[in-house]
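Everything on this sheet refers to the single structure shown next.
The values are calculated or read from the model by the stated rules, or taken from the named source; none is laboratory data. This is a predicted model, so every value here is computed, not measured. Reconstructed Cβ throughout: ideal geometry from the backbone, glycine too, with neighbour counts over all protein chains shown. These area figures cover heavy atoms from the full protein model, side chains too; ligands, DNA and RNA do not enter into them. Shrake-Rupley method; radii C 1.70, N 1.55, O 1.52, S 1.80 Å.
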Amino acid sequence: MSKTTVDVEQDVEQAVRDRYAEAAKKIERELCCPVSYDPKLLEVIPNEVLACDYGCGDPTRYLRASDTVLDLGSGSGKICFLASQIVGPTGKVFGVDMNDEMLAVARRNAPLVAQDIGYSNVEFHKGKIQDLALDLELLDQCLKESPVHSAEELSALESKIKELQRTRPLVPNSSVDVVVSNCVLNLVRPEDKKQLFSEIFRVLRRGGRTVISDIVSDEDVPAELQQNPELWSGCISGAFREDLFLQAFEEAGFYGITILERQEEPWRTVEGIEFRSMTVAAYKGKEGPCWDQKHAVVYRGPFRQVEDDDGHVLKRGIRTAVCGKTYGIYSEEPYRSHFELVPPRVPVPLKEARPFPCSKGYLRRHPKETKGAEYRVTSEAPASCCAPGNGNGGCC
Ligand SMILES: C[S@@+](CC[C@H](N)C(=O)[O-])C[C@H]1O[C@@H](n2cnc3c(N)ncnc32)[C@H](O)[C@@H]1O
């Protein structure tokens with residue numbers, strides 16, 4: 001079969017596996033997209049790891065101390081070793097890759113990095129990122145002990161796989177603070193991409209976030225380019241169209257989806273289609289019931305109105321009613337800087353709250369509702385406001 005026209009469904013994954021097995025041993029300049037990482041953090045990372053830099057962005061810039069991080073398609077381990085230093089000794093970093101050669105490079109360098117930084121918080125595991133429940137090393141072990149020679153044995157293996165996914169998941173549900181990835185999602189087969197986003201959502205804890213750097217295109221990639229395994233494994237054919245990349249997060253149930261970085265100049269152009277790196281963040285935790293605890297928010301602008309991922313409409317300057325859950329969400333990133341928060345004067349306990357009609361789109365909150373109908377206080381300006389020397393030159 002020709003190397004340039006193959007049945008993509010059969011060959012994409014094998015093409016990716018072969019290409020990165022080679023790229024783990026010999027640097028592939030074609031796969032390199034210049035990225036500037038924090039030079040201080042690079043100092044402890046061995047050359048063998050840095051030589052296999054096949055990333056297109058740096059999601060580690062958005063990590064914090066103590067985060068538990070999962071890196072999808074960890075390759076030679078560079079993103080994990082950068083993350084390891086940012087999350088520090090109280091954080092944890094897990095890298096997942098399906099390629100034995102890449103895992104070998106990452107694993108043999110992990111003790112060298114740990115020795116330099118003074119602690120060890122990184123582990124590498126073999127798995128496919130579209131099925132983070134299946135530990136491929138456990139599966140390899142099962143196959144070694146019970147090789148498959150017949151249809152009956154294949155059925156038994158399929159049952160075993162389900163059992164492993166259920167009883168010994170590689171990444172358990174809700175176990176991760178941040179899922180990161182650098183230039184890998186585009187390599188996953190088209191028919192597996194929906195499950196890939198569901199898996200990212202599954203493994204994140206409520207309140208967790210994902211930060212993904214990947215290659216996106218400005219136009220649809222035509223079928224003939226998609227059938228070229230070289231372009232597939234080279235991060236071109238499987239690139240998301242940029243708007244569909246964001247839509248995939250939305251469809252998986254994320255909120256607050258934000259473009260953090262978008263390369264101005266394309267990394268490559270093929271037949272007039274531009275391919276560039278984009279880094280996107282998305283958050284988990286909007287699911288669940290809505291209760292009215294008398295919260296309100298005021299959208300600061302600059303737009304006349306905006307709509308969030310639950311369909312709430314926020315009009316500039318208007319005191320808008322929100323449920324307790326939405327109020328909590330707006331109190332944190334990525335929304336916090338866009339809102340004035342107006343809590344109820346007297347907190348309403350959850351057991352006294354009524355269901356909130358979140359689906360109604362837009363509801364004004366009268367100030368009396370926040371303050372309570374009985375509130376009739378008259379107060380003086382605080383003394384400190386008009387005190388001489390407070391820098392205000394007198395109040396009002
Ligand atoms: C372009 S490289 C990026 C490596 C690394 N993130 C970096 O920044 O250098 C892609 C990596 O993803 C791995 N990979 C591709 N598809 C995968 C999949 N479906 N499951 C797990 N790993 C995958 C490859 O083996 C390879 O190591």
Checklist entry - Given the Cα-Cα distance of Glu287 and Ala373 and 0.36 nm per residue of separation, how much length would full extension add, in nm? => result 27.8 nm
Checklist entry - Using 16 Å as the cut-off for backbone N distance, which residues of the range 353-381 belong to the label zone defined by a point 7 Å from the Cα of Val313 along Cα→Cβ? => result 358-365
Checklist outcome for this item: Check: in the range 96-252 the Lys pairs 8 or more apart or on separate chains whose Cα atoms fall under 18 Å apart number 9
Checklist entry - Residue by residue, what Karplus-based ³J(HN,Hα) values in Hz, rounded to whole numbers, does the range 111-124 have, using 6.51, -1.76 and 1.60 with θ = phi - 60° and x for Gly and Pro? => result x, 5, 5, 4, 4, 5, 8, x, 7, 10, 9, 10, 10, 10
Next on the checklist: With every protein chain kept in place and ligands, DNA and RNA left out, what is the accessible area per residue of the chain? Probe 1.4 Å, answer in Å².
Outcome noted: 51 Å²
Item to check | Calculated from backbone phi, Karplus (6.51, -1.76, 1.60) coupling profile of the range 62-79 in Hz, x at Gly/Pro | outcome: 10, 8, 10, 4, 6, 4, 9, 10, 10, 9, 8, x, 6, x, 7, x, 4, 4
Checklist outcome for this item: In the chain the accessible area split gives carbon plus sulfur, as whole percent at 1.4 Å, a share of 52 percent
Item to check | Heavy atoms of Trp291 accessible to a 1.4 Å probe, total area in Å² rounded to 10 | outcome: 90 Å²
Checklist outcome for this item: Once Val35 and Glu137 are pulled to full extension, the length gained, defined as 0.36 nm per residue separation minus their Cα-Cα distance, is 33.6 nm
Item to check | Sites Val44 and Glu261, calculated FRET efficiency, Cβ-Cβ separation with R0 22 Å, nearest 0.05 | outcome: 0.35
Checklist entry - In Å, what Rg and Dmax follow from the Cα atoms of the chain? => result 25.3, 91
Checklist entry - If one takes the longest principal axis of the Cα atoms in the chain, at what angle in degrees, from 0 to 90 and to the nearest 10, does the Cα axis of helix 193-203 lie? => result 60 degrees
Checklist entry - With labels modelled as points extended 7 Å from the Cα through the Cβ direction, what inter-label distance (nm, one decimal) is found for Glu22 paired with His366? => result 7.3 nm
Checklist entry - Does anyone have the angle between helix 136-145 and the longest principal axis of the chain? Alpha-carbon axes, 0 to 90°, nearest 10? => result 40 degrees
Checklist entry - Based on the Cβ-Cβ distance of Phe303 and Ala65, what FRET efficiency does E = 1/(1 + (r/R0)^6) give at R0 = 30 Å, to the nearest 0.05? => result 0.35
Item to check | Filter on Lys294/Lys315; Lys92/Lys325; Lys294/Lys368 - keep pairs with C-alpha separation over 22 Å | outcome: Lys92/Lys325
